[in-house]
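The values are calculated or read from the model by the stated rules, or taken from the named source; none is laboratory data. Please read these numbers as outputs of a predicted model, since none were measured by experiment. Here the Cβ positions follow ideal geometry from the backbone for every residue, glycine too, while neighbour counts run over all protein chains shown. Just so you know, the surface numbers come from the protein's heavy atoms only, side chains and all, with ligands and any DNA or RNA stripped out. Shrake-Rupley method; radii C 1.70, N 1.55, O 1.52, S 1.80 Å.
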Amino acid sequence: MTQGLQFDSQGRLKHFLTIEGLSRRTILEILDTAESFISVGQREIKKVPLLRGKTVVNLFFEASTRTRTTFEIAAKRLSADVINLAISTSSTSKGETLLDTVRNLEAMHTELFVVRHSLAGAAHLIASHVPPHVHIINAGDGAHAHPTQAMLDVFTIRSHKGEFEKLKVAIVGDILHSRVARSQIQALNALGAAEVRVIAPKTLLPTAVERLRVVPYSDMRRGLEDVDVIMMLRLQRERMRGALIPSEQEYFRVYGLTPERLARAKPDAIVMHPGPMNRGLEIDSAVADGSQSVILPQVTNGIAVRMAIMALILGPPAEVRPAARRGTRATA
Amino acid sequence: MTQGLQFDSQGRLKHFLTIEGLSRRTILEILDTAESFISVGQREIKKVPLLRGKTVVNLFFEASTRTRTTFEIAAKRLSADVINLAISTSSTSKGETLLDTVRNLEAMHTELFVVRHSLAGAAHLIASHVPPHVHIINAGDGAHAHPTQAMLDVFTIRSHKGEFEKLKVAIVGDILHSRVARSQIQALNALGAAEVRVIAPKTLLPTAVERLRVVPYSDMRRGLEDVDVIMMLRLQRERMRGALIPSEQEYFRVYGLTPERLARAKPDAIVMHPGPMNRGLEIDSAVADGSQSVILPQVTNGIAVRMAIMALILGPPAEVRPAARRGTRATA
Amino acid sequence: MTQGLQFDSQGRLKHFLTIEGLSRRTILEILDTAESFISVGQREIKKVPLLRGKTVVNLFFEASTRTRTTFEIAAKRLSADVINLAISTSSTSKGETLLDTVRNLEAMHTELFVVRHSLAGAAHLIASHVPPHVHIINAGDGAHAHPTQAMLDVFTIRSHKGEFEKLKVAIVGDILHSRVARSQIQALNALGAAEVRVIAPKTLLPTAVERLRVVPYSDMRRGLEDVDVIMMLRLQRERMRGALIPSEQEYFRVYGLTPERLARAKPDAIVMHPGPMNRGLEIDSAVADGSQSVILPQVTNGIAVRMAIMALILGPPAEVRPAARRGTRATA
């Protein structure tokens, strides 16, 4: 059903809600398109006119300066007009329903909503109620999905490591509550990664985690053995209160990524983090700022990946876009 | 005095503060100009260059995401730069006076302030103190006026019902505290509506309401009899606390617009609401989403009407504007 | 060290952090460039394309609607894209460090950060950690410096009074805590003002104030005697609580600028204030709105001065800028 939602009848990307169910070809097409936007960020004049006269609405029901900023910059580089809406503080507090808020915005002839919401399924709910001219990008919904983050992550892996078929990847941290992990696992599996491991204390692993096609580890040293890519997750400090982990010091002692632990991975392994980092909690500064860290390239790539997704959804067809390398269009 | 304030010596619209005292010709000119902007919202590239290089300041002393957004979109479609200022949280809290805030903004050579304020008269006060190059649009001042809302309402009525002379219109809800109702009544009377009714419990009707040239009803069934247009108002939940109405359930039972009550109006009557709606309080979802509802077209029209008012005030003269149908210019 | 920080190896302005150590020639070059931007604010279309395709980030760790607005307007008139970030409410509260926030923004290929922070040295700290393509403007750091404010102040003085060598200037108010005063004193001394006086109760004067090359006065009447320029400071009401001054009434009685006190200065003396004003506390309304006040021209000039600094830092070299008068480039 989601796949029907994400593509139109010609198989063109219509919404971007989840990685789940996306074909390898679709993911690669997005990565190829993103490649063509990397150069825009390096020009003197960082603008292309693909979305001129379109309105992108950052519809954030949950605060996130960083994610909002990346979408705002991406949209402005595509020459769109951007409207920032932090909704918790206004309409919803006036008692209007989520769908009424959305219907109002679409009645203003806005074209693209970037939605962040604390409830899983919010972006899907919206996407299944908007008319054909309105497109939705999920910028994080509860513990469900954060698909643009996963796309920039696999983009970054590909640009440093090439083919996925040979790669062992470890995702470390609060797998249970992480929308980022969920989307990363789906993307890595769709791209055919050799092995995806998840490393966490048992209290932070979903039950029946193997169904996600991952190999679970509770011992970090063993989990990192020989991997090519380490993807750290941000630890939500709120989890402490829930007694799911004993204390910050104890967590760092057991699951913090230190230079010693990093040494268990392949010598050329890369280290990733979606940010914002808790230095000294899930990651040691020596690693975060070390030579194997690709944390800042992730941010740079995030702009290009978001531009690509917006352009694929809302821009003119790829045939008439000189800047974009032509990928293949997938039907799901 | 207001009329002197709203027009310059050549009779051109200078500020847009209230409907009160506007001639039928002026209102029709604005509606005709708005008509010419409807098509902009339907284009691929939703931009016209009429306000390029001008700065529009959304000066909101009272929060309203929705109204701010409509003005922001309208201004950006006219190619203006937009500055959003939510003032309660900053300068005013630093003890600066309202007029000092305004004088500072005008010294920055900004051209148009869209003002929302919780005090009646705020927009007038500002308009009477700004230099000739600065223009004010009232986006709602206390319980006094909300003239752009009323303009988009009569625009919507005209586009669905044509001539006003034959129309019976009912406004339902908290007439006493509603700036929207006040402006709607003035617009409808200026346009020569056959009959304007107001329907509310006696506690929510102004004393001597007949002076507004309306026919008051407390019985909703009788008030809706045979009308062409039903304009619902939003009920402020704060009124409950003031004991002006007994309870939400009781209010809906007596004054909520249900399909049964709607059936008292003409079969082709249209239903309007300025939003945000309280579903199940002043309006039943079956009506809000029903075939007679024009609530979402109101929102769409709101962009065109606000573009028209901004363009008339700040754009090049209509003679040189190819897009705009030429109306007649009124002197008050 | 700061000077090394503010200029690149060709002596071109790279960051604008403090007036301290700037040469007279550099300051005059900025003033001359600002002169060339004054006309932009008077045009029908207030836009020049110097920063098209660049991203300016207003990075405000301390709220200031007014200062943020002036930078936002200046950047938009230069055709830059502007991202507004009020950080206290988001990332920092998520525990990210200041430098991580900055590194993330620079990884997005943004070019210019306008930084306001409550801690002295924040802008310097950031400037000393950014890569060559990123530029910093200090929009106020703790009690340390507010250099763009001082630049617009000396611009305003020059446009009303001409040569600095003949001018006696008095700065009145809380010298001890004022970043504005600190930067003003440095600018006036660099430009060779004949005499810079500071007038304040002893509790609001730094110890060894003479080292700043100013003449201190505690008696306002004597301090204003024969001066050409009076620069009032805003009194932070918080100081009351600290018992540094007795009461608002008492402060105004002794240090408020009244018409009677103003009469002690030269008859053509000008009165300045950085805003927002506390009318009736540090300044009488009769003076603030009187014929000698240049408080609103300061605001107007502030846009041109900020455009000039942004253009010098980030725009194409002056040689290819037709609009800008060519100044001389200083090495510090």
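Go through segment A:205-235 and report how many residues are in contact with a helix residue (DSSP H, G or I) (Cβ under 8 Å, 6 or more places away or on another chain) and either without any contact (Cβ under 8 Å) to a residue 60 or more places away in the chain or not charged (D, E, K, R) (or both).
Here the count works out to 15.
Looking at (1) within 9 Å of chain A (Cβ to nearest Cβ); (2) part of a helix (DSSP H, G or I); (3) in contact (Cβ under 8 Å) with a residue 12 or more places away in the chain, which one does C:Val57 not meet, given that it meets all the others?
Failing condition for C:Val57: (2).
Just a yes or no: is a residue in segment A:2-14 within 22 Å of C:Arg52 (Cα to Cα), outside any loop (DSSP other than H, G, I, E, B) and more than 19 Å from the chain's Cα centre (by Cα)? Steps first, please.
So the first thing to find is which residues in segment A:2-14 are within 22 Å of C:Arg52 (Cα to Cα), and the list is none.
Looking through segment A:2-14, none of the residues is within 22 Å of C:Arg52 (Cα to Cα), outside any loop (DSSP other than H, G, I, E, B) and more than 19 Å from the chain's Cα centre (by Cα).
Any residue in segment C:34-55 that is modelled with pLDDT of 95 or more and either outside the structural domain of C:Leu99 (by TED's automatic domain parsing) or farther than 25 Å from C:Thr300 by Cβ (or both)?
Taking every residue of segment C:34-55 in turn, at least one turns out to be modelled with pLDDT of 95 or more and either outside the structural domain of C:Leu99 (by TED's automatic domain parsing) or farther than 25 Å from C:Thr300 by Cβ (or both).
Please go through segment C:35-60 and give me each residue that is under 24 Å from C:His124 (Cα atoms) and either surrounded by fewer than 20 Cβ atoms within 10 Å (Cβ to Cβ) or of a type outside the set (D, E, K, R) (or both), ordered by number. Don't jump to the end; show me each part of the working.
Going through segment C:35-60, the residues under 24 Å from C:His124 (Cα atoms) turn out to be C:51, C:54-60.
Within segment C:35-60, C:Leu51, C:Thr55, C:Val56, C:Val57, C:Asn58, C:Leu59, C:Phe60 qualify.
Among the candidates A:His109, A:His129, A:His117, A:His133, single out the residue that is on the phi > 0 side of the Ramachandran plot and without any contact (Cβ under 8 Å) to a residue 60 or more places away in the chain. Before the answer, list the steps.
On the way: A:His129 fails: on the phi > 0 side of the Ramachandran plot; A:His117 fails: on the phi > 0 side of the Ramachandran plot; A:His133 fails: on the phi > 0 side of the Ramachandran plot.
Among A:His109, A:His129, A:His117, A:His133, only A:His109 is on the phi > 0 side of the Ramachandran plot and without any contact (Cβ under 8 Å) to a residue 60 or more places away in the chain.
Assess whether B:Glu62 counts as being among the acidic types (Asp, Glu) and within 19 Å of B:Gln186 (Cβ to Cβ). Give the derivation first.
Values: among the acidic types (Asp, Glu): yes; within 19 Å of B:Gln186 (Cβ to Cβ): no.
No, not satisfied.
Take A:Ala139 and tell me if it is over 16 Å from the mean Cα position of the chain (by Cα), among the small types (Gly, Ala, Ser), at pLDDT 95 or above and assigned by TED's automatic domain parsing to the domain that holds A:Val56.
Numbers: over 16 Å from the mean Cα position of the chain (by Cα): no; among the small types (Gly, Ala, Ser): yes; at pLDDT 95 or above: yes; assigned by TED's automatic domain parsing to the domain that holds A:Val56: yes.
So A:Ala139 fails the test.
All but one of (1) in contact with a strand residue (DSSP E or B) (Cβ under 8 Å, 6 or more places away or on another chain); (2) closer than 13 Å to C:Glu96 by Cβ; (3) more than 9 Å from every other protein chain (Cβ to nearest Cβ) hold for A:Gln292; which doesn't?
So the condition that A:Gln292 fails would be (2).
Listed residues A:Leu31, A:Leu85; which is in contact with a strand residue (DSSP E or B) (Cβ under 6 Å, 6 or more places away or on another chain) and of a type in the set (A, V, I, L, M)? Working first, answer last.
Values: A:Leu31 fails: in contact with a strand residue (DSSP E or B) (Cβ under 6 Å, 6 or more places away or on another chain).
One residue alone meets the criteria, A:Leu85.
Looking at B:Ile45, is it facing chain A (nearest Cβ under 9 Å) and assigned to a helix (DSSP H, G or I)?
Numbers: facing chain A (nearest Cβ under 9 Å): yes; assigned to a helix (DSSP H, G or I): no.
Spelling it out, it is not the case that B:Ile45 is facing chain A (nearest Cβ under 9 Å) and assigned to a helix (DSSP H, G or I).
For a quick check of your reading: which helices (runs of 4 or more DSSP H) sit entirely within segment A:61-158 and have at least 1 residues that are open to solvent by 10 Å² or more (accessible area, probe 1.4 Å), within 14 Å of chain B (Cβ to nearest Cβ) and over 30 Å from A:Ala194 (Cβ atoms)?
Details: elements: A:65-77, A:98-107, A:122-127.
Helices (runs of 4 or more DSSP H) meeting the threshold: A:65-77, A:98-107.
Select from segment C:195-233 the residues that are under 21 Å from C:Gly275 (Cα atoms), charged (D, E, K, R) and either open to solvent by 40 Å² or more (accessible area, probe 1.4 Å) or in a strand (DSSP E or B) (or both) and list them in ascending order.
Scanning segment C:195-233 gives a single hit, C:Arg197.
Can you give me the number of residues within segment A:134-189 that are closer than 27 Å to A:Phe252 by Cα and β-branched (Val, Ile, Thr)?
So the count comes out to 9.
Spot the failing condition for C:Leu176; the list is (1) at pLDDT 95 or above; (2) open to solvent by 10 Å² or more (accessible area, probe 1.4 Å), and only one is missed.
(1)
Here are some conditions: (1) in a helix (DSSP H, G or I); (2) open to solvent by less than 10 Å² (accessible area, probe 1.4 Å). C:Arg25 meets all but one. Which one does it not meet?
Among (1) in a helix (DSSP H, G or I); (2) open to solvent by less than 10 Å² (accessible area, probe 1.4 Å), the lone unmet condition for C:Arg25 is (2).
Consider only pairs whose beta carbons are under 9 Å apart and that are at least six residues apart or on different chains; among these, list those whose first residue lies in segment C:162-175 and is over 14 Å from C:Lys266 (Cβ atoms) and whose second residue is open to solvent by 10 Å² or more (accessible area, probe 1.4 Å) and small (Gly, Ala, Ser).
What qualifies is C:Glu163/C:Gly192; C:Phe164/C:Gly192; C:Phe164/C:Ala193; C:Phe164/C:Ala194; C:Glu165/C:Gly192; C:Glu165/C:Ala193; C:Glu165/C:Ala194; C:Ile171/C:Ser178.
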